[in-house]
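Below: one structure, written as structure tokens.
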Amino acid sequence: MINQTQNLLLIKVTILAFIVGSVSLPNVLELVSPFWLLLFFIYWLIYSDSHGIYTAALILGLLLDVLQGAILGQNALALITSSAFILSVKKSFFVSNLTTQQVYVFFASLIYLILFLITHILVQGLQIEWLVIFVPFTGAILWPIVRFLLAKLKQ
């Protein structure tokens, strides 16, 4: 029963992440918007058991690659690695105050961004906008809002 509840939460979180991520924003806001799937996946990650997390991250990352038309495996690699970081601090994350959680989300977003940029640079060359360095900051700033809204969704 618990596994079905976790899977249902993952489906809800994924659909919501894809909807929020597909909202069209002005170019500047689009460049600094956080990795929505990562934020929503972190929420699911802290409330789930450790079974199938990397498989879920791989599938969701590949699905995001296909939906965005990105390099196949780029988001999957970044999501799996960021998930590994969150799993390593999961016990602390779960009981931490909001500020400490924001620091963990910042580092997970930074790991995601670094892997995303390395893959992008290796394949397409150094054609990036400098505003993307703010993505981990916006992810950390928006974490309390995402956490609050997903707690309401979970109920």
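Could you state the orientation-averaged shadow area of the convex hull built on the Cα atoms of the chain, in nm² to one decimal? Don't skip to the end; give the middle numbers.
Numbers: hull surface 34.9 nm².
Average projection, Cα convex hull of the chain: 8.7 nm².
Which one of Thr100, Leu60, Gln124 has its Cα pushed farthest toward the positive end of the charge dipole of the chain, where Lys and Arg give +1 and Asp and Glu give -1 at the Cβ?
Of the candidates, Thr100 comes out farthest on the positive side.
Hey, can you list the DSSP H helices of the chain whose Cα span along the axis is 27 Å or longer and whose average Kyte-Doolittle score is at least 1.6?
On the way: long enough: 2-21 (28 Å, 1.32); 98-124 (37 Å, 1.64).
Helices passing the filter in the chain: 98-124.
Working out 0.36 nm times the residue gap between Val123 and Val103, then minus their Cα-Cα distance, what length gain in nm do you get to one decimal?
Gain in length upon complete extension: 4.2 nm.
Taking 0.36 nm per residue of separation and subtracting the Cα-Cα distance, what length does fully extending Phe134 through Phe94 add?
On the way: separation 40, 0.36 × 40 = 14.40 nm, distance 2.52 nm.
Here the answer is 11.9 nm.
For the chain, what is the mean residue ellipticity at 222 nm derived from helices alone (per DSSP H run of n ≥ 4: -39500 (n - 2.57); sum divided by total residues; nearest 500 deg cm²/dmol)?
Value at 222 nm, helices only: -25500 deg cm²/dmol.
Just so you know, all these numbers are worked out from the coordinates, no wet-lab data involved. None of these values were measured; they are calculated from a predicted model. Glycine also receives a Cβ, built like all others from the backbone with ideal geometry; neighbour counts cover every protein chain displayed.
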